[in-house]
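Comments concern the structure below.
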Amino acid sequence: MHVGIPKATRSGETRVATVPDSLAKLKRLELDVHIETGAGLASGFDDDAFRGKGAEVQDSITDCDLLIAVHPPAPETLRKGQVLVSMMDPLGDPAGVQALADSGVTAYALEFVPRISRAQTMDVLSSMANIAGYKAVLMAAARSPKLFPLMMTAAGTVRPSKVFVLGAGVAGLQAIATARRLGAVVEAYDIRSDTKEQVESLGARFVEFDLGIGDMQDSGGYAQELTDEQKALQAKLMAQVIQAADAVITTAQVPGRRAPLLIPEDVVRGMKKGAVVVDMAAESGGNCALSKPGEEVDVNGVTLLGPRNIPATLGATSSQLYAANLIAFLGELLKDGQINADADDEILGACLVCKDGQVTNERVLEALQR
C-alpha cells in the first residue's frame with residue numbers, strides 16, 4: 001500500500017508526520033512511503049534525508065490510498081475512498097470533520113485514542129503535552145527577570161524563584177519536573193485528588209483547596225469542568241498563591257470546551273511586578289483573563305504569554321514522537337498491508353470520525369449540533 005505524507009499548510013506548523021529514522025518501521029508495515037517535497041524542512045529534515053532512507057519524495061501525494069498527517073490537508077485536495085489519519089481537533093472543529101466526510105474520505109482522529117494500556121504508545125495528546133509542558137517553563141524562565149535556581153555567590157545568596165503550576169496532567173507534570181530541574185521552588189494544584197502523590201514525587205508541594213467536592217476526574221482520565229460557583233471559589237483560594245509566585249504555568253483544558261478561567265483580572269493586577277504567566281490554554285479561551293493567543297501582554301509589569309502550538313516550536317522532537325505514535329496506530333489499522341476497518345475494535349472504533357460520506361462519531365455529531 002502507498003502511504004502519503006503531506007507538507008503542513010497551517011501557519012506556524014513545523015511538524016511532519018514521520019521522520020527519516022521511522023521509515024524502516026513504516027516499511028515493515030508493508031507500506032511504500034511517498035513524501036511531499038519539503039514536508040520535513042521546517043522540522044530539520046531535508047528531502048535527501050528521506051530519500052536516503054528509501055522514501056520517494058514528490059510534488060504531489062494525492063494518489064496515495066492512505067494519508068498520514070499532522071493536520072488534515074485541505075478537503076479539496078482529498079478524494080473519495082482515501083483513508084486519513086491525523087490530529088483533527090474533532091471537538092473544537094467539528095465542521096472540519098464534516099468537511100472531511102463531505103469529501104468522501106475515511107478519517108481517524110488521533111485525539112480520540114482511548115487511554116487504555118494497549119493504546120499508550122499511540123497517545124499523541126500525551127506526547128505533545130509533554131513537549132508543551134517542558135517548553136512553557138523555558139518560556140517563563142527566559143522572560144523572568146529572576147534566575148530560577150538558588151545560587152551561592154561571592155556577592156551574596158540568590159534565592160530561588162517560586163513557580164506555581166496550575167493543572168497536574170501530562171503537561172503540568174512535565175512543567176513541574178522541568179521547573180524543578182531548573183532549580184525553582186515549585187507548587188502545583190489540580191482538582192483531581194489523585195494527582196497529589198504524582199506532584200509530590202517530583203519534589204513539588206501540592207496546594208490543597210477545599211472546594212466542597214469529591215474527585216473531579218472522568219472515566220477517561222481528564223479533569224471534569226467545574227461549575228461557575230466552584231470556579232469562583234477556586235480562584236479566590238488560589239489568589240494568594242498566584243500573587244506570591246514569580247512564574248505561573250497554567251495548563252487546564254477541557255476537550256471541546258472553553259478553557260476554565262482560573263486567574264481573573266484582579267488577581268493578575270495584584271501579582272508582583274516582574275512575574276510571568278504562561279497560559280498554555282490561550283488558544284482555547286485562556287486560563288488567564290488578560291492573556292491573548294499568540295501575544296505577549298504586559299499588565300502593570302506582569303508579563304502574560306499566550307503561546308500557540310507550543311509543540312511546533314520544537315519541530316524535530318515533536319515530529320519524532322508523533323511519528324512513533326502514528327506507527328503504533330498504523331500497527332492496529334493495517335493487517336497484512338491492508339486497511340483493517342474493524343469498527344468494533346476499541347481503538348479503531350473510538351478514533352473513526354467519518355466514513356462513506358457520514359460523520360460517525362457521536363461526540364462530533366453532538367458538537368455539530370451546538
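The values are calculated or read from the model by the stated rules, or taken from the named source; none is laboratory data. Please read all numbers here as calculations on a predicted model, not as lab measurements. Using ideal geometry, Cβ is built from the backbone for each residue, glycine included, and neighbour counts are taken over all protein chains shown.
Summary table below
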read-out: Subset of the stretch 242-283 [of a type outside the set (Gly, Ala, Ser), part of a strand (DSSP E or B) and either closer than 15 Å to Ala171 by Cα or modelled with pLDDT of 95 or more (or both)]; value: Val248, Ile249, Thr250, Val276, Val277, Val278, Asp279
read-out: Whichever residue in the stretch 158-206 is hydroxyl-bearing (Ser, Thr, Tyr) and at pLDDT below 95 and, among such residues, is surrounded by the most Cβ atoms within 10 Å (Cβ to Cβ); value: Tyr189
read-out: Test result for Thr62, over 22 Å from Ala328 (Cβ atoms) and touching a residue at least 60 places away in the same chain (Cβ under 8 Å); value: no
read-out: Residue check, Ser318 hydroxyl-bearing (Ser, Thr, Tyr), at pLDDT 95 or above and outside the structural domain of Leu262 (by TED's automatic domain parsing); value: yes
read-out: Boolean, Leu125 is in contact with a strand residue (DSSP E or B) (Cβ under 7 Å, 6 or more places away or on another chain) and either in the same structural domain as Cys351 (by TED's automatic domain parsing) or within 30 Å of Gly167 (Cα to Cα) (or both); value: no
read-out: Criterion: surrounded by 16 or more Cβ atoms within 10 Å (Cβ to Cβ), part of a helix (DSSP H, G or I), touching a Ser or Thr at 6+ places or on another chain (Cβ under 9 Å) and not hydroxyl-bearing (Ser, Thr, Tyr) - qualifying residue of Ala101, Ala119, Ala107; value: Ala101
read-out: Residue match in the stretch 217-229 (condition: in a strand (DSSP E or B), modelled with pLDDT under 70 and surrounded by fewer than 18 Cβ atoms within 10 Å (Cβ to Cβ)); value: yes
read-out: Identity of the residue in the stretch 324-370, small (Gly, Ala, Ser) and not in a helix (DSSP H, G or I), that ends up surrounded by the most Cβ atoms within 10 Å (Cβ to Cβ); value: Ala341
read-out: Residue identified as assigned to a loop (DSSP other than H, G, I, E, B) and closer than 30 Å to Val254 by Cα among Gly92, Gly54, Gly96, Gly81; value: Gly92
read-out: Selected residue (criterion: surrounded by the fewest Cβ atoms within 10 Å (Cβ to Cβ)) from residues of the stretch 1-25 that are out of contact with any Lys or Arg (no Cβ under 6 Å at 6 or more places or on another chain), modelled with pLDDT of 95 or more and of a type in the set (A, V, I, L, M, F, W, C); value: Ala24
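Results for (1) in the same structural domain as Ala101 (by TED's automatic domain parsing); (2) assigned to a loop (DSSP other than H, G, I, E, B); (3) crowded, with 21+ Cβ neighbours inside 10 Å, shown as yes or no for each residue.
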| site | (1), (2), (3) |
| --- | --- |
| Glu30 | yes, yes, no |
| Phe50 | yes, no, yes |
| Ile61 | yes, yes, yes |
| Glu76 | yes, no, no |
